[in-house]
1. Multiply the residue separation of ARG4 and SER623 by 0.36 nm, subtract the distance between their alpha-carbon atoms, and state the gained length in nm to one decimal.
2. Can you check how the C-alpha radius of gyration of region 1-109 compares to 2.2 N^0.38 Å, as a plain ratio?
3. Stretch ARG370-GLN596 to full length: gain in nm at 0.36 nm per residue minus the Cα-Cα span?
4. Express in Å², to the nearest 10, the accessible area of THR135 obtained by rolling a 1.4 Å probe over the protein heavy atoms while all chains stay in place.
5. In the full protein assembly as shown, how much of THR450 is accessible to a 1.4 Å probe, in Å² to the nearest 10?
6. Once label points are set 7 Å from the Cα along Cα→Cβ at both GLN431 and LEU576, what is their separation, rounded to one decimal in nm?
7. Applying 1/(1 + (r/R0)^6) with R0 = 35 Å to the Cβ-Cβ distance of THR555 and PHE530, what FRET efficiency is obtained, to the nearest 0.05?
8. Take every Cα pair under 8 Å in region 70-130 that's 6+ residues apart, average their separations, divide by the length, and report that relative contact order as a whole percent.
Amino acid sequence: MPARLLVVADPKMLPALAGGLREAGRFEVVPVSLADAAAAQAAAANADAVAVFYGGPGAPLPVALQALAPKVRDRGARVIAVLQREQAAQRDECFRAGASDLLFMPIPKDQFVARLAASVVLAFPAEPGATAAVTVATRNSSSRIDNAKVSPNGVEAAGQLPLKSGDTVRLSWGSFQVWGVVVRAGPTAQIRFAGLAPDEEGHIREWIKSSAKQPAAPVRSSPPPPAASGRAAPVAGPPPGFSDRKPARPQTRSASPGADVAAASVPAAPRVAASAPVRPTHAPKSTNGAGALSGLFEGDGAAPGPTAPQPAAPQPPAPKGPLWPVPAAIAVCKEAAMDLLEGGDVGPAIPRNVAASARKITALLSVGERVSIEKAGPESHFVEALAVRMALEVATAEGTRLASANIAPNVDGEALAALTKLVDAAAARLQKEANAAIGNGQVENLQLVTAASAALSRDLLNLKETADRLRGVGAAPRLGAGALDPDVVLPGQQPRPRPAAAQQAQPAIKAELRDFRGLEEKRGRAKPIFAVLLLVSSIAVAAYGFYFGVPHQVTLAADAAGAGVQRIDFKGEAALVTITQQWLAAPQANLPRLVQVLREHHVKKGILRLQNGTAAGILDVASGKASGVPAAPQ
């Protein structure tokens, strides 16, 4: 039974895509426009696989994947993203948004259909490989496989992994860092490569060819002759090393059923990648007017007939060092924050770095933020800002650790951009709350939101400073003005000539004025005395202004104010009165004595608060009335 495939693309591409994918009979195609998000989510609930093409100005590809992935991957189905070659920079963002696999275009139609089918069914054909130590990382954990077999299709190892089929992981060995999708977790773990470009497939095959220790698979049906003592020469076939030579011009040939291994050594560009199932393939047929996908997959200006392979463009070697930053999941940060605020400790499932960050940031929360979070719960805007600050703190702490250990990491610009987007979203929500507080005249809420926004901006600046330091561009600004030597000559620059020092000639003195030169030189005794008097007067004025002229806080005896008054602190014409619940039980009876005491000390305004810091009302001493006092419990 063909798989039910949901194709989400631009409306102009849908007829050609749907017709071309139905030709082979492998898929039951359901086309939906990329602009109709509601229809796409409704159709994804019943689809075996979803293929999202390119994205658009109003619907970026990562956003579409993030909306469709929860409805598809929770059921064990696949989400395949399709990108053009020039969109390769969006690959990591697509995988983080929920893609299971990723394909690049343009490629021949037959190859695309084969790769798509292999990605849907998670095919993992057996091929020769090399042994290496592979690290398998997810968002929350990391595992190391010491004796893993790396083949052109993926990674295979004996044993059980704490994963499940269809999970997206990050694989790294040697200088390679690629994405993968779990085919099965045990008893023999298999992880299939995902999202490889043709040149990356070629690099992996070359590495396997140079690192493999097992003998090459035979390419002929006849057994080799018995080897004599010493090294035996081949009986027939090309000389040694001939198959490794690059052809003088691009060649195309049809693959026979027994030539799968020989075809792997040919460095030709577009062909069936390691992610496609191994089966007998033939040269692509001429699509002159036939096939609805020929114009999409062969590229602009493609001539009919077999597609000539193009040499892969040389790529710079992958940078060494660990990838930084690895953003912490916002959901995990929220869970850790709520555990600390509600129970005082985090759960066992929270990673250590997230738990340490949560303890550090929640300890600095104000009383007002805690009260707001208790009222609104996990959906509070303070919780969202707190989770984003925790993610920033995790990344900053890891960067500081790497810098202290003199480890040069591979700074991931896309991960930094993702963290910046989270900060922008949290700041936008805080700004919305600030606007609402201004409109309603809520001064205390406005102060809390402003403080949270300032802390969020400060943590983002710390992260950017850490990133600049790891990139090696953060040292020069710290030297200060004049620290960079202008005399240093960089390689390739000409030395700058130094300007000759101008010699200042003494002014000529006329002969008739030489006898009067000493008359202008007078000893200024008044200037030092005036300077001393000015300094002493400045000190006296400053002392009076800072000590005598500024009112100081004074604590009054609370006994004269009546029962229930614990403390009275006043400064100038304002006072802060700490009361108990006993005083609130009869405020009208206790208010006159308190007003009398405050009037004796010329206090005009007073603020009532309880022992736990909660505001209990505002007191107008002149009129003897209190406002905002809560009603006594019945």
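The values are calculated or read from the model by the stated rules, or taken from the named source; none is laboratory data. From a predicted model like this one, the values you see are computed outputs, not experimental measurements. FYI the Cβ positions are ideal-geometry reconstructions off the backbone, even for glycines, and counts take in every protein chain you see. Surface areas here come from the heavy atoms of the whole protein model, side chains and all, with no ligands, DNA or RNA. Shrake-Rupley method; radii C 1.70, N 1.55, O 1.52, S 1.80 Å.
1. On the way: separation 619, 0.36 × 619 = 222.84 nm, distance 7.83 nm.
Value of the extension gain: 215.0 nm.
2. Values: Rg = 12.7 Å, N = 109, 2.2 N^0.38 = 13.1 Å.
Cα Rg divided by the expected 2.2 N^0.38 Å: 0.97.
3. Values: separation 226, 0.36 × 226 = 81.36 nm, distance 3.61 nm.
Going from the current span to full extension adds 77.8 nm.
4. Per-residue accessible area (THR135): approximately 40 Å².
5. In the full protein context, THR450 sits at about 80 Å².
6. The answer from the label model is 3.3 nm.
7. On the way: r = 44 Å, r/R0 = 1.27.
Given R0 = 35 Å and the Cβ-Cβ separation, E is 0.20.
8. Working: 44 pairs, mean separation 20.8, N = 61.
Reported as a whole number, the value is 34 percent.
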